[in-house]
1. Restricting attention to region 483-512, and to residues there that are modelled with pLDDT of 90 or more and in contact with a helix residue (DSSP H, G or I) (Cβ under 7 Å, 6 or more places away or on another chain), which single residue is nearest to Asn443 (Cα to Cα)?
2. Among the candidates Asp470, Asp476, which residue alone is under 30 Å from Pro405 (Cα atoms) and touching a residue at least 60 places away in the same chain (Cβ under 8 Å)?
3. Taking region 68-91, which residues are farther than 30 Å from Leu222 by Cα and in contact with a Lys or Arg (Cβ under 8 Å, 6 or more places away or on another chain)?
4. Report yes if Glu56 is under 30 Å from Gly28 (Cα atoms), of a type in the set (D, E, K, R) and modelled with pLDDT under 90, otherwise no.
5. Write out, first by first residue and then by second, each pair whose Cβ atoms fall under 8 Å of each other, whose residues are 6+ apart or on separate chains, and whose first residue, in region 94-105, is aromatic (Phe, Trp, Tyr) while the second is at pLDDT 90 or above and part of a strand (DSSP E or B).
6. Kindly indicate whether Arg291 is within 40 Å of the chain's Cα centre (by Cα) and at pLDDT 90 or above.
7. Being outside any strand (DSSP E or B) and touching a helix residue (DSSP H, G or I) at 6+ places or on another chain (Cβ under 8 Å) is the requirement here; does Ala467 meet it?
8. Which count do you get for residues in region 190-206 that are of a type outside the set (D, E, K, R) and surrounded by 22 or more Cβ atoms within 10 Å (Cβ to Cβ)?
Amino acid sequence: MGEAMREQDGNVFFALDIGTRSIIGVVGETVDGKFHVLAIEKENHGQRSMLDGQIENIGAVARVAKNVIERLQKRTKIRLARVCVAAAGRALKSEAAAFTLELPTVQPITEDDISHLEAGAVSESEQVIMAQSDDQNDQYYMVGYTVTGYRIDGYPMSSIRDHSGKVLEAEVVATFLPRGVVDSLYAVVGKVGLEVASLTLEPIAALNAAIPADIRLLNLVLVDIGAGTSDIAICRDGSVVGYTMATIAGDEITELLMRTLLVDFETAEQLKMSLNQDKPVSFVDILGLPREMSAKELQEIVAPSVSNLAQEIAQRVMDLNGRLPSAVFLAGGGCKLAGLREKVAEELKMDPNRVTTAGNHFQRNAYSEEYNLNDPEYATPLGIAISAGLGLINDSYVILLNGEPAKLFRSGTLIVRDLLMMNGYNYNDMMGRTGGNLTFTLNGERKFFRGALPIPPVILLNGELAALTDTVRAGDHLQFVPAKAGADAERRVSDVLGEDFAGTVTINGARAKLDAAIQTGDDIWADRKETPAAPAEEAPAPAAEAKPAPAEPPADDAKQIRVTLNGEKLILFGKPGGDPYYLMDLLKFSDLDFQNLDKPVELRVNGEPGQFREVIKDGDSVEII
């Protein structure tokens, strides 16, 4: 009888790197703070079932994965149940966006306020990306985001916690993956009967393997060159600060060899692997003719593609990093291309000694008695395993969201808000949307009615009511019922004139009935029927020169302030206690929808730039546009 298999326990980690050309599996366990590699298996796809890192044929990919799993189980005598995977950077989409949150009054800013503000900005980023998509039904998973700036009442701030203000703004750069990329990974794992224990990004995984944490204070770049994509991650000041990808990778070289030498894909792949050999290579082209070429001749053929790849990598690095990095590490099977390292250094105008292949640091976090772990092709599979096994990312555990394992990306502490955004929920799901406002004019006077407030979401963390800012930990159960939008403000003519109104009513010049619904922007005129004349001593009130602001009953009629707002006269009645009016008090009279702004707000007082906290005086001319 064969040796009995043991179950995969919490100290055994299994990583699958599902690449464009092959699947590499790594099984190991943590020993004294290092990852001990027990077995590595690799198998090429038998057909083009992957395209640029994206799974095209789920069934075909699952069959190859199953073969790798069975061989790993046979070698390790461990029955594998949970797997750590990574999503390719091919489909990463990043977008900058801003969001404005207006508080009821000037007040100290809490963590919840910041959470609402940042969630709104991230959702705005997603909306921009969705607007650019060919399929408006696309859904995206949030991978991570960086706040690039805050403002309080118009003033730039690096941190806003505990400061006081009313109008808060945040600018972010958020990164997303299309739902299809993530779901196809889960589909493959499900077909082979495993559970996803960890999900991260391939460039982050490769960086975790190639660049130890203690040297990340330097500005370093990791370029993982696969068959379909070249994923790029950048770190500085101790943490990962950005990731992107280049669409040129190893397949460009293979396809160039196919076209030039008239060979099939597999032959071209073998020739590509022979670029570094000294001896001539023999092959047969598609016409059946035997041929022989030296490595130098092959290198001359692929030189244009190698140059294109180096140019693309250099351009992406400079676009993302903004300056020359301290060093560049090249990883993945594609980094073995002859002359590529030197060409990348040339394109970046860097010392060639500062561009190197990854692998020198693998032994800092991992070791093996059987395998040479310095092979740069192992960067991603080792990185996936190391990231989970050594706790370098906080997604190496399961959190249940509405009964199903949640998809987790970000490293560091996770809060409820981030977890929800990583699983496709947006700002309106978490905070709700106030119903649409209704604005119209009645006999020349502006009327304004606010929409109803939203019904808040229900958030239960391990059965207890929770907030969006609560921390989520391994093994937690989160139940979430999205918020519901508030009802739009609705009014009929009778609501504003009274059920007993007698006279004629026109809406936008057309006769209307009392039960007619009012729409935003309507111009309504109501002419009451003649009534008996008033006693002689009761003279009609003189026409007002300026329309009063649609506000609460004035506290002090004697202390009126007359201003001009966007060219229209406006009367502001005195505040209780004699408090002054600030520019921000006029926002609600500006007809701007501050929840859905698509460009910055310009403030001017008497022709000069204004600030939200600027005191407004009698006679001032204000522009809010």
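1. Per the criteria, the residue is Val505.
2. Working: Asp470 fails: touching a residue at least 60 places away in the same chain (Cβ under 8 Å).
Within the list Asp470, Asp476, the selection yields Asp476.
3. Gln73, Lys77, Ile78, Arg79
4. Values: under 30 Å from Gly28 (Cα atoms): yes; of a type in the set (D, E, K, R): yes; modelled with pLDDT under 90: yes.
When the stated conditions are applied, Glu56 passes them.
5. Note: pairs meeting the criteria are Phe99/Glu169; Phe99/Ala170.
6. On the way: within 40 Å of the chain's Cα centre (by Cα): no; at pLDDT 90 or above: yes.
No: the conditions fail for Arg291.
7. Numbers: outside any strand (DSSP E or B): yes; touching a helix residue (DSSP H, G or I) at 6+ places or on another chain (Cβ under 8 Å): yes.
Criteria met by Ala467.
8. Residues of region 190-206 of a type outside the set (D, E, K, R): 190, 192-194, 196-201, 203-206.
Still in the list and also surrounded by 22 or more Cβ atoms within 10 Å (Cβ to Cβ): 197-201, 203-206.
Adding up the residues that qualify gives 9.
The values are calculated or read from the model by the stated rules, or taken from the named source; none is laboratory data. Values in this document were obtained by computation on a predicted structure and should not be read as measured data. Every residue, glycine among them, receives a Cβ derived from its backbone with ideal geometry; neighbour counts consider all protein chains shown.
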